[in-house]
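Asks: Handing you this structure, nothing more for now.
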């Protein structure tokens, strides 16, 4: 978002560091707030893709719940994943009723947390699976962090996609496996850029919006840097994967059926 920008509201420095490092490995840019007030300010300041919110914060034992309610009442629709050592049914129900989209008890496996983050990001984008189809036959796997293109099948390739019915004219054709896919070797930030556009098809992002979402806490990033990243992604994949919207910025290219 990885990449996409996430907010971690956690007062335990060890857990905050663990979350930040683990999610950064998936390519997400992460900001950390150590209390509810700081978290509230950041949540209103930046368009985060997801908020990971601890329940017990310096402001009180239920400060996380209070912050969640406050954000929802203020119109902030960013998905919230509550984290808490208090994970009985009553607490989970309270968290979901306090604006939470998911609830994960501590201690937790980092692998599960990362999967829940992916699921929430898919859900907020109206998706049900990790695999995204891109223009030009390219595909993106959010879990595996890979981008590839299935090349054209060789003559006589498997015709299972025809619903199991093979036209008579093709019955005698020799059958062989499809050609192996071509994988694009994208860096973490290149993947994050393409992921951001892919999760919001049709929407144009300005260079400044992209910087705010992908460069967490970094100052002095010039808008021209985005042009360089877009050019590199196009070179490694295909020109039509990213459209330039004159006067606005960039968006995911159109699928063939959209032309």
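Asks: Residue under question is residue 206, and the condition is that it be at pLDDT 90 or above and in contact with a strand residue (DSSP E or B) (Cβ under 6 Å, 6 or more places away or on another chain); does it hold?
Replies: yes
Asks: Could you list, in sequence order, the residues of region 141-152 that are crowded, with 21+ Cβ neighbours inside 10 Å and at pLDDT below 90?
Replies: Selection gives 142 alone.
Asks: Follow-up question, since we're still on this one. Just to be sure I understand, how many residues within region 219-234 are closer than 13 Å to residue 209 by Cα and part of a loop (DSSP other than H, G, I, E, B)?
Replies: 3
Asks: So, one more: Kindly provide the set of residues from region 48-64 that are closer than 15 Å to residue 103 by Cα and buried (at least 24 other Cβ atoms within 10 Å of the Cβ), ordered by number.
Replies: 50, 51, 52, 53, 54, 55, 64
Asks: Taking region 12-58 on its own, how many of its residues are outside any strand (DSSP E or B) and farther than 21 Å from residue 92 by Cβ?
Replies: 29
Asks: In region 68-80, how many are surrounded by 12 or more Cβ atoms within 10 Å (Cβ to Cβ) and assigned to a helix (DSSP H, G or I)?
Replies: The number of residues fulfilling the criteria is 5.
Asks: Let me ask something else about it. Only one of these is part of a helix (DSSP H, G or I) and surrounded by fewer than 18 Cβ atoms within 10 Å (Cβ to Cβ): 183, 208. Name it.
Replies: 208
Asks: Consider residue 9 carefully, then state whether it is over 23 Å from the mean Cα position of the chain (by Cα), within 17 Å of residue 102 (Cβ to Cβ) and either assigned by TED's automatic domain parsing to the domain that holds residue 84 or surrounded by 21 or more Cβ atoms within 10 Å (Cβ to Cβ) (or both).
Replies: Taking the combined requirement at face value, the residue does not satisfy it.
Results for (1) assigned to a strand (DSSP E or B); (2) in the same structural domain as residue 242 (by TED's automatic domain parsing); (3) touching a helix residue (DSSP H, G or I) at 6+ places or on another chain (Cβ under 7 Å); (4) within 30 Å of residue 254 (Cα to Cα), shown as yes or no for each residue.
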{"residue": "82", "(1), (2), (3), (4)": "yes, no, yes, no"}
{"residue": "90", "(1), (2), (3), (4)": "no, no, no, no"}
{"residue": "96", "(1), (2), (3), (4)": "no, no, no, no"}
{"residue": "103", "(1), (2), (3), (4)": "yes, no, yes, no"}
{"residue": "119", "(1), (2), (3), (4)": "no, no, no, yes"}
{"residue": "136", "(1), (2), (3), (4)": "no, yes, yes, yes"}
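Asks: Do we have residue 65 as in a loop (DSSP other than H, G, I, E, B) and either touching a strand residue (DSSP E or B) at 6+ places or on another chain (Cβ under 9 Å) or farther than 22 Å from residue 125 by Cα (or both) here?
Replies: For residue 65, the condition - in a loop (DSSP other than H, G, I, E, B) and either touching a strand residue (DSSP E or B) at 6+ places or on another chain (Cβ under 9 Å) or farther than 22 Å from residue 125 by Cα (or both) - is not met.
Asks: Looking only at residues that are surrounded by fewer than 21 Cβ atoms within 10 Å (Cβ to Cβ) and modelled with pLDDT of 90 or more in region 23-43, which one is nearest to the chain's Cα centre (by Cα)?
Replies: 31
The values are calculated or read from the model by the stated rules, or taken from the named source; none is laboratory data. Bear in mind the structure is a predicted one, so any value in this text is a computation, not a measurement. We place every Cβ from the backbone using ideal geometry, glycine too, and count neighbours over all the protein chains shown.
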